[in-house]
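Here's the structure we're looking at; comments come further down.
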Amino acid sequence: MTVLITPKRFHEAEGVDNWRVLWSVAFALYRTGDFATGVRLVAEIGRLAAEAGHHPDVNLRGTVVEVRLVTREHWSLTETDLQLAQRISEAAASMGVAADPGATRTWEFALDALDVDKVRAFWCAVLGYEMVGDSDIADPDGLYPPVFVQQMDVMRTGRNRIHIDVGVPHEQAEARVAAALAAGGTLVSDRNAPMHWTLADPEGNEVDLATWLGRD
């Protein structure tokens, strides 16, 4: 039986200090130091995933391995994700591979639309994506960022209708906002903080800095 858990429950568990929930997905980023160590870590993650019958997304780069865990049938974290995260953390520690939880991040494009499905159909055609749920489109191979199409009641004017949503670790959000403001940005709205802050760059292009807080 699948047991859904909240981001709060995930973060309160033992053995997940390596991990950060961004929106509804658990991320871990490991600094391997070299490619060969990354390959060995990925092989061990593969073994643990096969034992669990639950497969994470793994991104192997030169000296970095990123792991993402979510139960796709529910697009939620589950006890299975938690248990696999704990085992991956143990495996990395046994190999002497350190995590860098502060470096975890994710992002997506967001488009404002009056007719969500028509806009989604266009961008699916352009990007080679597919429909997901009622408001998203995604790369069928999971390699590239998704697009969120946001329902609007009235055509927005005077502001960009395309923005970026950036998921950051919850404990870093306020510092990231402060850094953006120090870099010349402006605060458009903090009405939904700590779920997200809306910022704009010096020329008015907008971004939402988002956390899992308030999404339970």
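The values are calculated or read from the model by the stated rules, or taken from the named source; none is laboratory data. None of the values given here were measured: they were computed from a predicted structure. Don't worry about glycine lacking a Cβ; one is built from the backbone with ideal geometry, like all the others, and counts go over all protein chains shown. Side chains are part of the model used for accessible areas, which takes the heavy atoms of the whole protein and leaves out ligands, DNA and RNA. Shrake-Rupley method; radii C 1.70, N 1.55, O 1.52, S 1.80 Å.
General observations
- Only one of Arg31, Arg40 that is open to solvent by 20 Å² or more (accessible area, probe 1.4 Å), touching an Asp or Glu at 6+ places or on another chain (Cβ under 6 Å), closer than 16 Å to Ser89 by Cα and modelled with pLDDT of 95 or more: Arg31
- Scanning segment 141-152 for residues that are of a type outside the set (Phe, Trp, Tyr), touching a residue at least 12 places away in the same chain (Cβ under 8 Å) and either in contact with a Ser or Thr (Cβ under 7 Å, 6 or more places away or on another chain) or surrounded by fewer than 17 Cβ atoms within 10 Å (Cβ to Cβ) (or both) yields Gly142, Pro145, Val149, Gln150, Gln151, Met152.
- Which numbered condition Trp197 fails, given (1) at pLDDT below 95; (2) crowded, with 19+ Cβ neighbours inside 10 Å; (3) over 28 Å from Arg61 (Cβ atoms): (1)
- Within segment 116-139, tally of residues that are assigned to a loop (DSSP other than H, G, I, E, B) and either open to solvent by less than 70 Å² (accessible area, probe 1.4 Å) or in contact (Cβ under 8 Å) with a residue 60 or more places away in the chain (or both): 5
- Close Cβ contacts (under 9 Å, 6 or more residues apart or on different chains) running from residues in segment 185-207 that are touching a residue at least 40 places away in the same chain (Cβ under 8 Å) to residues that are outside any strand (DSSP E or B) comprise Gly204/Arg159; Gly204/Asn160; Asn205/Asn160; Glu206/Arg159; Glu206/Asn160; Val207/Ala180; Val207/Gly185; Val207/Asp201.
- Scan of segment 86-115 for residues that are open to solvent by 40 Å² or more (accessible area, probe 1.4 Å), more than 18 Å from the chain's Cα centre (by Cα) and closer than 17 Å to Val21 by Cα, ordered by number: Gln86, Arg87
- When segment 161-189 is filtered for residues that are surrounded by 14 or more Cβ atoms within 10 Å (Cβ to Cβ) and assigned to a loop (DSSP other than H, G, I, E, B), the ones remaining, listed by number, are Arg161, Val168, Pro169, Gly185.
- Taking segment 44-81 as the range and being surrounded by fewer than 13 Cβ atoms within 10 Å (Cβ to Cβ) and acidic (Asp, Glu) as the test, the residues that pass are Glu51, Glu73.
- Residue match in segment 157-165 (condition: in contact (Cβ under 8 Å) with a residue 12 or more places away in the chain, under 23 Å from Arg120 (Cα atoms) and of a type in the set (A, V, I, L, M)): yes
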